[in-house]
Structures are given as C-alpha cells and as structure tokens.
Amino acid sequence: MKRLIPALRADGVPLELIMVLRTILAASKEISFRVSQGALSGVLGSTLDENIQGETQKKLDILSNQLLKDMLLNSPDVRSIASEEEDNVVAGKEGAAYIVAFDPLDGSSNIDINGQIGTIFTIYAARDDVPADSPLQFAQPGSAQLAAGYVLYGPSTMMALTTGGPTRLYTLDRTNGSYLLTQEQMQINPDASEFSINMANQRFWGANTQNYIANLLAGETGPRGKRYNMRWNGAMVGDVHRVLQRGGIFLYPEDSKNPQQPAKLRLLYEANPMAMLVENAGGKAVANNQRILDIQPTSLHQRVAVVCGAANEVDAYLNS
Ligand code: AHM
Ligand code: MG
C-alpha cells in the first residue's frame, strides 16, 4: 500500500503543498489520539504539558483548533489561516504560497456520545494583492481550491483528499503513524437509495425540499419507484463519508427555523471542501440552484445550503 507522500508525489503535487498537507496531517494524528482517549483526554498528564496550567478543561474542539493553528502558523509555507473557531483571519509567514482554512472538529456535539467527528480542511493559493490577515485572502470561490479533504475520527481514522484529481481515501495505520492509500479513487454509487437530512426540520423547509423528500418517502409506488432509507449522523464528515462510500445524498437545505440564519453550514470550512471531494468522486454539490464551487464568498463565516451526493439524486432534488 502506498504511503501518503509518495502517493502525492506520484500525483505531481508541488513539494510546498505536500509540506502543508503534512502539517495538517501531523495535527490530525494528534487530534485522533486525543479523540480516541475520550474522557481520558486531558486528564492524563503524560501527553499534555499544559495540564498544570489548568488547560485540562479545554474542550476537544478548542484543543484541536489550537493544535492546527499552532502547527500551521509554524509552517514556512502558510501565509494565512482561517478557522471556524476563530473570528478573524490569522497571519502566518509573509510571502508564503498558501492559505489554509479548517473546521478543526466538525460535528463536535458527537464528542460526548463517542460518535463520529472529523476535521475538514481546504488550501488555496495566497493572494498578493491583499494583506495576510485580511479576510479577502479567503474571498475565493471553491473552484480555486488547490486541495480539500477531511479526516474522519471513527473506529478507524481515515482521510479523504483531493488535490484536483480523483478523491482518494487514506487510512491511518496506528502501528506506525502513517496514512496509507486504501482507495485509489472514490466514486459515488449512482444507484443507492439512501438520504441524509435532519428530518426534525421538516416543517421549516421550503417547497422544493418538501417535495423531494416526500417523493423519496413515497417508496415503491411514488415517483422515484423505490424504497429509500434514511441516515443522520449529526456530523457532516460522517454523513458525507457514507455518501462517498455508498452513494445517496446529503442535504442541509435552507429552513425558516431562524429567519436570521436560513442556512447552517459554512461555505469556507464545510461546503466548499466537501463539494470538491464530492465532485471529484463523480457527484454534484449545490446550494439552492447554484453549484457550490461557483459561489463568490461575501464574508468569512458565510453560511450556505448544502445538497450533495450522487449526480442523479442532486438533479432530482433540483427538479423537485
Ligand atoms: P458544527 O460545525 O458546529 O459541528 O456544526 C456542523 C454540523 C454538521 O457536521 C452537521 O451536518 C450538522 O451540524 C448537524 O446539524 P443538526 O444539529 O441539525 O443535526
Ligand atoms: Mg462544522
């Protein structure tokens, strides 16, 4: 099985970009370890010097953010970082080639129940026309992403990654701490009958989402002519991972629950990286009627509707 770095070299990924990915993955291994320690994470003195400074109360999502932030800001190849956990863009090394955005621990409400959680990340080229700490560094459409991926902390730790070519899947080998290429090319199965949505929001959805889900629930005698099953992890990383592996569709559409905030997921840290992974696995990703990767961001923490998965299912959604 190929290791990560030789696999990236074989894909022609530039060395500096490989170094940035390596930094993210070094942080992910540490996060994976802390996550696997569960309630013991932060109370065992052996791995955390900070314990005596009283940082044991730090939640895993704060710790994960700090790890990624510290390690990326130390990298000579990172000019700016943005995190779901940070209000503002943080400047790294002047003149460095890349900027990195991340959701350090997505689905963090699953921490308490030992459920799936993950880290989502994306890398763009740094802009020379704006300062390193400007949010405009990240005002680039998702189609400009140079690399996107997630690390899923489940029974095994896995990373899905695309650097523009196919979406590949790596598995963390805990015996030697390296990510090994375990699936050369993820390809979304077009024939699955599975959907993933928070049904509790049903009464707040718009007509289009109502119609689409009603058609799925109608089963064999409905317009889709087959029975669908539903799965909802409460962690996008786990839900999109299932779609990539098994097919189907993931939806977090706009709703009217909170009129100030019709969409929940973030464009920069969640929607764009997942959209790139899904498209490079043969699927589609849209926000309302627009391709997610074409959206021109208007603010750093902007939220968007997300519907992604098998192309035929996303088309059926758009036509509902
Ligand atoms: P988070 O970034 O605060 O963890 O929120 C994002 C998560 C996604 O992982 C998941 O798809 C969604 O929120 C779950 O929302 P809900 O609470 O409606 O189930
Ligand atoms: Mg999140």
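The values are calculated or read from the model by the stated rules, or taken from the named source; none is laboratory data. Just so it is clear, the structure is predicted and the values come from calculations on it, not from any experiment. All Cβ positions, glycine included, derive from the backbone under ideal geometry; neighbour counts span all protein chains shown.
The rows are residues; the columns are (1) more than 29 Å from ASP239 (Cβ to Cβ); (2) surrounded by 20 or more Cβ atoms within 10 Å (Cβ to Cβ).
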residue	(1), (2)
SER83	no, yes
PRO104	no, yes
GLY115	no, no
ILE120	no, yes
ALA125	yes, no
Top-ranked residue in segment 303-320 [being at pLDDT 95 or above and part of a loop (DSSP other than H, G, I, E, B); ranked as farthest from the chain's Cα centre (by Cα)]: ASN319
Here the qualifying pairs (Cβ atoms under 7 Å; residues six or more apart or on different chains; first in segment 126-143 and closer than 19 Å to VAL20 by Cα; second part of a helix (DSSP H, G or I) and among the β-branched types (Val, Ile, Thr)) come out as GLY142/ILE292
Selection status of TYR170, surrounded by 15 or more Cβ atoms within 10 Å (Cβ to Cβ) and under 22 Å from GLY282 (Cα atoms): yes
Among the residues of segment 265-284, is there at least one that is within 14 Å of ligand 1 (Cβ to nearest atom) and without any contact (Cβ under 8 Å) to a residue 40 or more places away in the chain? no
Per the filter on segment 261-301, residues in a loop (DSSP other than H, G, I, E, B) and out of contact with any strand residue (DSSP E or B) (no Cβ under 7 Å at 6 or more places or on another chain) are ALA281, GLY282, ASN288, ASN289, GLN296, PRO297, THR298, SER299
Taking only pairs six or more apart or across chains, which ones have beta-carbon atoms under 8 Å, a first residue in segment 291-320 that is under 18 Å from GLU270 (Cβ atoms), and a second residue that is part of a helix (DSSP H, G or I) and of a type in the set (Phe, Trp, Tyr)? PRO297/PHE138; LEU300/PHE138; VAL307/TYR317
What do you reckon, is GLY164 within 16 Å of ligand 1 (Cβ to nearest atom), assigned to a loop (DSSP other than H, G, I, E, B) and within 18 Å of the chain's Cα centre (by Cα)? no
Test LYS264 against the stated conditions and say whether it is modelled with pLDDT of 95 or more and farther than 22 Å from ALA147 by Cβ. yes
